[in-house]
Amino acid sequence: MNIILLGAPGAGKGTQAEKICEYLNIPTISTGNIIRAALKSGTEMGLKAKSFMDAGKLVPDDVVIGIIKERLAENDCQNGFILDGFPRTIPQAEALDAMGVQIDKVIDIEVPDENIVARMSGRRVCEKCGASYHLEYKKPSKDGVCDLCTGALVQRKDDHPDTVLSRLKVYHEETEPLKDYYQKQGKLAIVEGQEEIADTTALVLKELEV
Ligand code: AP5
């Protein structure tokens, strides 16, 4: 199954992608993670993306479309994939259609803006492997230490409240119109994000009929 996860920054796309992956055994493709990895290894693309990302703006369409084209051509995408964070603009969605990629379902996770700011300030990520935690909702076994690789847990630069507000503005202006785009294609399902991660997962899996 080819799935797109839509939703505001911090709506829980990455968290739900992990869960869907456990059920369907298909890879998650997160443009955010790919860009952060490029940044960490100091590639030209990573350096180009840094200023946009740090300011809470979108990286230019041609850069992310190029990333997705390359990634979807890899063998592990043959039996399906979950797109987390792509597309984020109408031109990105049109590029995906133009590539001939068939999308089966688009799940939009809806969370009110006021809850998003609170959630993001509690998120911590492993600086080594990128695993994501929350100070309240998804605590690591040991404070400040990643359960998976013992790396240090840090706050993402773009999770500071001011940047989160910019990201939300960009989301409403550029990404939210995608709901209408996929509604017209008959592929959109809306899931209300719940307070408990597992409750959201149950609703997502119901929409995917797995
Ligand atoms: P990206 O990394 O994709 O960030 P995002 O979409 O803003 O999404 P997040 O990863 O912040 O949130 P999420 O929805 O995955 O939430 P999560 O599950 O972590 O992109 C970063 C930047 O890269 C962009 O700003 C842009 O610059 C660039 N970029 C990436 N893709 C691009 C594209 N296609 N085009 C252009 N630029 C692009 O959850 C958040 C927190 O809440 C976690 O701590 C989690 O534990 C917690 N949580 C999750 N679910 C619940 C729940 N139900 N209850 C309570 N807490 C919960």
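The values are calculated or read from the model by the stated rules, or taken from the named source; none is laboratory data. What you are looking at is a predicted structure, and each value in this text was computed from that prediction instead of being measured. Backbone-built Cβ (ideal geometry, glycine too); neighbour counts: all protein chains shown. These accessible areas exclude ligands, DNA and RNA; they are computed on the full protein's heavy atoms, side chains included. Shrake-Rupley method; radii C 1.70, N 1.55, O 1.52, S 1.80 Å.
Scanning the stretch 12-58 for residues that are touching a Ser or Thr at 6+ places or on another chain (Cβ under 9 Å), small (Gly, Ala, Ser) and surrounded by 19 or more Cβ atoms within 10 Å (Cβ to Cβ) yields 12, 14, 17, 56. From the list 84, 61, exactly one residue is surrounded by fewer than 21 Cβ atoms within 10 Å (Cβ to Cβ), within 8 Å of the ligand (Cβ to nearest atom), modelled with pLDDT of 95 or more and not basic (Lys, Arg). Which is it? Exactly one of 84, 61 is surrounded by fewer than 21 Cβ atoms within 10 Å (Cβ to Cβ), within 8 Å of the ligand (Cβ to nearest atom), modelled with pLDDT of 95 or more and not basic (Lys, Arg), namely 61. If you go through the stretch 15-45 and keep only what is more than 22 Å from residue 209 (Cβ to Cβ), at pLDDT below 95 and near the ligand (Cβ under 6 Å from one of its atoms), you end up with 32, 35. Filter the stretch 190-210 down to residues that are over 16 Å from the mean Cα position of the chain (by Cα) and of a type in the set (Gly, Ala, Ser) and give me whichever is surrounded by the fewest Cβ atoms within 10 Å (Cβ to Cβ). The qualifying residue surrounded by the fewest Cβ atoms within 10 Å (Cβ to Cβ) is 198.
Do you know which of the residues in the stretch 134-160 that are free of Cβ contacts under 8 Å to residues at least 24 places away in the same chain and in a strand (DSSP E or B) is most open to solvent (accessible area, probe 1.4 Å)? That would be 142.
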